[in-house]
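Asker: Encoded as structure tokens, here's the structure I'll be asking about.
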Amino acid sequence: GLREFQGSWFMRVLRPDAESVTVIDLHDESRRFALNRIHDNGFFESNLRGVDGTLDYELEFKSYAGETWRT
């Protein structure tokens, strides 16, 4: 989820079945943040520059089979 650390906001997600994860700003869907896979077990993380704790978002997942879904 969305977390603050030393004045910056980060997103962390554990999703072993996802090849990629993207954060989508629900107020401006052109504003997207790709998360970096930082561990082979499906742990993704990224610094969301310009974001604060009020971000309304959905996560978009892409599977290894090419399927996409949002939550």
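The values are calculated or read from the model by the stated rules, or taken from the named source; none is laboratory data. These numbers were taken from a predicted model, which means no experiment stands behind them. Here Cβ is always computed from backbone atoms with ideal geometry, including for glycine, and neighbour counts include all displayed protein chains. Calculation scope for accessible area: heavy atoms of the full protein, side chains included, ligands and nucleic acids excluded. Shrake-Rupley method; radii C 1.70, N 1.55, O 1.52, S 1.80 Å.
Asker: So what is the relative contact order for region 1-70, in percent, with contacts set as C-alpha pairs under 8 Å and at least six apart?
Answerer: The value is 36 percent.
Asker: Counting only protein heavy atoms and a 1.4 Å probe, tell me what percentage of region 1-43's accessible area is made up of carbon and sulfur.
Answerer: So the carbon and sulfur contribution to the accessible surface is 48 percent.
Asker: Roll a 1.4 Å probe over the protein chains and send me the accessible area per residue for the chain in Å².
Answerer: Roughly 65 Å² per residue, with all protein chains present.
Asker: Next question, about the same structure. How large is the direction-averaged shadow of the alpha-carbon convex hull of the chain, in nm²?
Answerer: About 4.7 nm², averaged over all directions.
Asker: Here's a follow-up. How high is the FRET efficiency between ASN41 and PHE10 when r is their beta carbon distance and R₀ equals 22 Å, given to the nearest 0.05?
Answerer: Efficiency at R0 = 22 Å is approximately 0.75.
Asker: Also: For the chain, which longest stretch is free of loop sites, where a loop site is one of the GluC sites (Glu not before Pro) that DSSP puts outside H, G, I, E and B and that has at most 16 other Cβ atoms within 10 Å?
Answerer: Looking at the chain, 30-66 is the longest stretch - no exposed GluC sites (Glu not before Pro) with at most 16 other Cβ atoms within 10 Å.
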